[in-house]
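The values are calculated or read from the model by the stated rules, or taken from the named source; none is laboratory data. Here the structure is a predicted model, which is why all the values come from computation and not from measurement. FYI the Cβ positions are ideal-geometry reconstructions off the backbone, even for glycines, and counts take in every protein chain you see. The accessibility values were calculated without ligands, DNA or RNA, using every heavy atom of the protein model including side chains. Shrake-Rupley method; radii C 1.70, N 1.55, O 1.52, S 1.80 Å.
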Amino acid sequence: QVPYYKFLKDSGLVTGNASRMDKDAREVTSGLVNIGVIDSNRKITEVGYRILELSVNNDFSPDNIFNLPKDSYTYFLQFLKYTISDSQFETKPFVTLIFLLSEFDFLTFDEFTYLLPLCINDETTKNICKDINDLRNNSTTIDQIIINKMWAMQNYQNAFAYFNSRQSLTDDDFGIIGINRKSRNYDK
């Protein structure tokens, strides 16, 4: 991972001086794992070799129905397959984006940044479509949409009930109340 980070830096793909080059390299490559260009052991996949071959041969001419350059078309196909899953949901964010764009023609930066990630299933996507219409009609705000979404989630309700049940709070309570996926220490 350190040699990979150094390669990225020498190539001008990252800047600065990372104190944890291995961690920064993992952050850069995790997206490549997600779209199937490398595997979880950071080894290049068949798709990765396809993109590498196109790059080495400088062969980007379009040969597909969308008239996209060959490398872009390969990435496009990978993004169509990309899935985010959790114990409570599974979603294909690129497909969801295409759906929202078919409904609205465009998304503002805030809609793309804050509302698209809330579309985790058919029901939430339908609700977000309604919310975008309300937002564009000035009958709600991005903040209110996010707050409403949070209050509808059981884990936030449970955290709030726990918070209200305490006479005084300790650092450990913030670890229990917090909803941080990395570590309770972040909440403390």
Next item on the list: Return the calculated 222 nm mean residue ellipticity for the chain, to the nearest 500 deg cm²/dmol, obtained by summing -39500 (n - 2.57) across DSSP H runs with n ≥ 4 and dividing by the residue count.
Entry: -17000 deg cm²/dmol
Check: Counting other Cβ atoms within 10 Å of each Cβ, which chymotrypsin sites (Phe, Trp or Tyr not before Pro) in the range 82-188 have at most 12 and sit in a DSSP loop?
Finding: Phe89, Phe106
Check: Tally Lys/Arg at +1 and Asp/Glu at -1 over every other residue whose Cβ is under 15 Å from the Cβ of Ile51; what's the total?
Finding: -2
Notebook entry, point to check: Taking the Cα centre of the range 30-188 as the origin and placing charges on Cβ (Lys, Arg +1; Asp, Glu -1), which of Asn57, Ile128, Thr45 is farthest toward the positive end of the dipole?
Noted result: Thr45
Next item on the list: Could you point to the label whose value was computed as volume of the Cα convex hull per residue in Å³ for the structure here, given (i) 183; (ii) 115; (iii) 167?
Entry: (i)
Next item on the list: Could you grab the relative contact order for the chain? Cα pairs under 8 Å, six or more apart, rounded to a whole percent.
Entry: 8
Checklist line | Other-chain or far-sequence residues with amide H under 5 Å of Ile120's (modelled H) | finding: Thr125
Item checked: Projected label distance in nm at Lys126 and Ile176, using a 7 Å step from Cα toward the beta-carbon -> 3.8
Notebook entry, point to check: Taking the Cα centre of the range 70-188 as origin and charging only Cβ (+1 Lys, Arg; -1 Asp, Glu), how large is the dipole, in debye to the nearest 20?
Noted result: 260
Check: Counting Lys +1, Arg +1, Asp -1, Glu -1, what net charge surrounds Ile38 among other residues with beta carbon under 12 Å of its beta carbon?
Finding: +1
Checklist line | the range 9-79: chymotrypsin sites (Phe, Trp or Tyr not before Pro) falling in loop per DSSP and having at most 14 other Cβ within 10 Å | finding: Phe60, Phe66
Note to self: Given an 8 Å cut-off on Cα distances and at least 6 residues of separation, report the relative contact order of the range 1-81 as a percent.
What the structure shows: 18
Next item on the list: Might you tell me the accessible area per residue for the range 45-138, computed with a 1.4 Å probe and given in Å²?
Entry: 66
